[in-house]
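Since the structure comes first, as structure tokens, the remarks are kept for the end.
All of the numbers you see were taken from the coordinates with simple rules; none came from a lab. Note that the coordinates shown come from a computational prediction; the quantities given were computed from them, not determined experimentally. Virtual Cβ from ideal backbone geometry, glycine too; neighbours counted across all protein chains shown.
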Amino acid sequence: MDPTEQIVNVVQAATVLLLSPLLAGILARAKAWTESRTGPSIFQPYFDLAKYLRKETLVPSVSGVVFRVAPFVAFGSYLLISVVVPIITPYPIPFASTVDFLGGGLLFGLAGTVTLLAAIDSGSNYSALGASRTVSFAAFAEPTLIVVFFAVAVITGTNNPYVTNNLLASSLSAYLSPTHLLVTAAFFLLLLAETGKLPVESAGLMEFGMLEDGRIFEHSGRLLGLFRWNGWMKQFLLCSVFLNVFLIPWGMFSAPTLGGALGNIAILLAKLLLVVVVLVVVEATVAKVRLFKIRDFLALSFSLALLSVFAFAVLGVP
Amino acid sequence: MIASDEVIALVGVGILLTALYLQSESFVDPLILGIAVQSLLLGVLLGWLAWTEHSLDLAVLAGLAVAVRAVFIPYVLRRQIRAFRWRIRERHAAHRVTGHALAAVAVAIIAWFVFQQTLASAFPEVGGALPFVLLLQGLLMLATRANTLVQVMGYLEEENAVVYAGALFAQGFPLFVEVVVFLDVLGVVLVGVILSIQRDVTGTPEESPLEELTG
């Protein structure tokens, strides 16, 4: 195997690991600006992480082994995803052939499931409540994800995110096709729901409507730190896939060199800033929907994804 | 270069999206704006067809669609609800966004299957099924709503579907312009006269006899 490819592999994993807290920090800071606050430093998530890793870890006496193992399994899943999707290269790196789009979705599912199991294993009612809430909405979010995969497969004839990226970057008519536009809209709504953004969830606040934070209520110290990191990695990965596969497939250096990969990191950061602006505008302008209305939001996302496949069937253009 | 078919496909899907929005919205004022946007998109489609086929008839129809359907009828409808514009909505608690959105997609898929089985060979144009789908969306809206204003919008959506179908399939058909003008006049009469009478007599746009049957 080409050593450059191996290095690019490691660089991509490191990019996700090290830059995901930065994305969270920039988001928090930008959100603070819209609320006329100075806000925390963009490096605050790194400080938080360092603090979590130093702190003592308390484990409930009634909890089992899943409680302790789950953060590591979820962390491993996200790390694996970070080397199989197009993040800093428009060409497949060695690990990319391990799984296709559906496999990536299953790895996201695995991480989500072990987090749920850890919440139930904690023996706490609050965590279990968070878990039950998450699943009751995930039941509406998962079908959307599956239909998004169908739509991607319909556009390119394969289920490979790299092929999708190359086709969309090279063909304007494929980019402007109704199927692609609808599936991009559906994926964006899903992104808002999965990363705990308004109007679905106002993350970080200890409130009744919390979903993501509800599940990790009982974790502390290092385990909590890992869960937080998992959340940031998930956000980074979903935003990267949204940008590189759906919204802005252009602009990446295609030369398989280390320099090209490093240049692509800068380009990715620039693209991510655009997503930050969009997310902040959404967060500043929409109100949180009531808990039972989240289902409506996800149903809309599902309808759009379904319509994208429908548009292909009716119009016959990808 | 974007081909003509792709423009027709994009605008067609835009019209379908407005139909989905109309199904899942329960407040009347945004519904009126929704039907205005749908008519505007229809006007754009007619304008595009007029441009590519150098057809004066279609250009006139595009102008009519925008003037009557996208501007005049929504204006009259908004006047109808002027006094209580921000509050008026479907009163039935049974109205659920999830159910209506999914029903709309389900009806669209059924409509497409029926079209494929029956009419597809006669109308092979790109997006030929869309007018048929839109017609059934209007019908669904008429069937599931109890508010007269919303039902009028279901009817307008059906008219839009007829105009859409005519634009795609019946170009050069002598009576086409007359039929569309007739539908426009019918729409104006419907919203201008019948709704006013209903409002003056019953004081509400809700259908009360239907409510008696809901138990």
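So what's the convex hull volume per residue for the Cα atoms of the stretch A:39-165, in Å³?
159
For peptide A:80-88, how many partner chain Cβ atoms fall within 10 Å of a residue's Cβ, on average? Spell out each step's value before the answer.
Values: counts 0, 0, 0, 0, 0, 0, 0, 0, 0.
What the average comes to for A:80-88 is 0.
Got a sec? Charge dipole of chain A, +1 on Cβ for Lys and Arg, -1 for Asp and Glu; which of A:PHE242, A:MET210, A:GLY104 is way out at the positive end?
So the residue furthest toward the plus end is A:MET210.
Over chain A, consider all pairs of different Cα atoms and compute the Kirkwood hydrodynamic radius from their mean reciprocal separation; express it in Å, one decimal.
20.2
Quick one: Cα centre-to-centre distance for the stretch A:144-191 and the stretch B:43-85, in angstrom?
Result: 33 Å between the Cα centres.
Neighbour counts of other C-beta atoms within 10 Å: give me A:PHE72, A:PHE246, A:PHE140 arranged from fewest to most.
A:PHE72, A:PHE140, A:PHE246
How big is the protein assembly as shown by Rg and Dmax over its Cα atoms, in Å?
For the protein assembly as shown, the Cα-based Rg and Dmax read 26.2, 84 Å.
Please determine, in degrees from 0 to 90 and to the nearest 10, the orientation of helix A:221-241 with respect to the longest principal axis defined by the Cα atoms of chain A, where the helix direction is its Cα long axis.
Long axis of A:221-241 versus the principal axis of chain A: about 20 degrees.
Any chance you could tell me what percent of the C-alpha pair distances in the stretch A:241-318 go past 22 Å?
Percent of Cα pairs beyond 22 Å in the stretch A:241-318: 51.
Under a Cβ-only charge scheme (Lys and Arg +1, Asp and Glu -1), can you give me the dipole magnitude of the protein assembly as shown about the Cα centre, in debye to the nearest 20?
1700
Calculate the all-directions average of the projected area of the stretch A:214-261's alpha-carbon convex hull, and give it in nm².
Convex hull of Cα atoms, orientation-averaged projection: 5.2 nm².
Need one number: nm distance between label points at A:SER170 and A:LEU262, each 7 Å from Cα along Cα→Cβ, rounded to one decimal.
If labels sit at A:SER170 and A:LEU262, their model points lie 2.9 nm apart.
When Cβ neighbours within 10 Å are restricted to other protein chains, what is their mean count per residue of peptide A:180-189?
Per residue, the number of nearby Cβ atoms from other chains is 1 on average.
If r is the Cβ-Cβ distance from B:GLN116 to A:SER36 and R0 is 60 Å, what FRET efficiency results, to the nearest 0.05?
0.60
Can you tell me the orientation of helix A:178-194 relative to chain A, as the angle in degrees between its alpha-carbon axis and the longest Cα principal axis, to the nearest 10?
Relative to chain A, helix A:178-194 is tipped by roughly 10 degrees.
For B:105-111, what's the mean count of beta carbons from other chains sitting within 10 Å of each residue's beta carbon?
Details: counts 8, 2, 0, 6, 6, 0, 1.
Mean inter-chain Cβ contacts per residue within 10 Å come to 3.
Using alpha carbons only, how many degrees (0 to 90, rounded to 10) separate the axis of helix A:65-81 from the longest principal axis of chain A?
Between the helix axis and the principal axis of chain A, the angle is about 20 degrees.
For the residues B:PHE123, A:PHE297, what sequence is obtained by ranking on other C-beta atoms within 10 Å, fewest first?
Listing B:PHE123, A:PHE297 from fewest to most nearby Cβ atoms yields B:PHE123, A:PHE297.
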